[in-house]
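Step one of this worksheet: look at the structure below.
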Amino acid sequence: MKEHISLFFEGSEKKVEMIFDHSLGSLREWPVAIWEAIVAEANATVLSKVSDKTCDAYLLSESSLFVYTDRLVMITCGETSLISAVEEIFQHADLDKLRLLVFERKNEILPHQQRSNFEDDVAYLNARLGGNAIRFGSPDGNYVQC
């Protein structure tokens, strides 16, 4: 008798963009080990890195990380915990220099298999940063958190 194996991959993206004041210094000067630790906190790994004069692009096991002088964009999917990566970034950056944080999360097909949920992620960010959370779209559709 053949065993039935069900493979499922949660393809819904989670995305964070952070922009810092230039006085923080260049994010591109952070050691690769820091970026690897940030990615590991999301439950992903760095597979490769390419750079040009404006950006370091990291190919991740579950998506991508783009690092510029004053900003970063990290996109993950699957069962990653992007909020855990954000917490790790907070350990390395002076949050007084943070000028913008956009945290986006699409509705998952199997949300119970995720490491966190959108509401808890927002509660963490609000407790840590203050500011205003804005939801775009209906609660049962895709939404974005700013």
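The values are calculated or read from the model by the stated rules, or taken from the named source; none is laboratory data. Quantities reported herein were computed from a predicted structural model and do not represent experimental measurements. Neighbour counts run over all protein chains shown; Cβ positions are idealised from the backbone, glycine included. These accessible areas exclude ligands, DNA and RNA; they are computed on the full protein's heavy atoms, side chains included. Shrake-Rupley method; radii C 1.70, N 1.55, O 1.52, S 1.80 Å.
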* Structure fact -> Residues of the stretch 75-105 being without any contact (Cβ under 8 Å) to a residue 60 or more places away in the chain and over 10 Å from the mean Cα position of the chain (by Cα), in sequence order, are 88, 90, 91, 95, 96
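If I ask for residues that are over 16 Å from residue 26 (Cα atoms) and open to solvent by 60 Å² or more (accessible area, probe 1.4 Å), which ones from the stretch 45-60 would you list?
At the first step, the residues of the stretch 45-60 found to be over 16 Å from residue 26 (Cα atoms) are 45-50, 58-60.
Of everything in the stretch 45-60, those that are over 16 Å from residue 26 (Cα atoms) and open to solvent by 60 Å² or more (accessible area, probe 1.4 Å) turn out to be 45, 47, 49, 50, 59.
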* From the list 81, 63, which one is at positive phi, at pLDDT below 95 and not β-branched (Val, Ile, Thr)? -> 63
* To do: May I ask you to list pairs of residues, at least six apart or on different chains, whose Cβ atoms are under 8 Å apart, with the first in the stretch 37-63 being under 15 Å from residue 86 (Cβ atoms) and the second being open to solvent by 80 Å² or more (accessible area, probe 1.4 Å) and modelled with pLDDT under 95?
  => 43/79; 43/115; 63/13
* Lone unmet requirement of (1) at pLDDT 95 or above; (2) surrounded by 15 or more Cβ atoms within 10 Å (Cβ to Cβ); (3) of a type outside the set (D, E, K, R) for residue 26 -> (2)
* Structure fact -> How many residues of the stretch 69-95 are more than 10 Å from residue 20 (Cβ to Cβ) and open to solvent by 60 Å² or more (accessible area, probe 1.4 Å)? The answer is 4
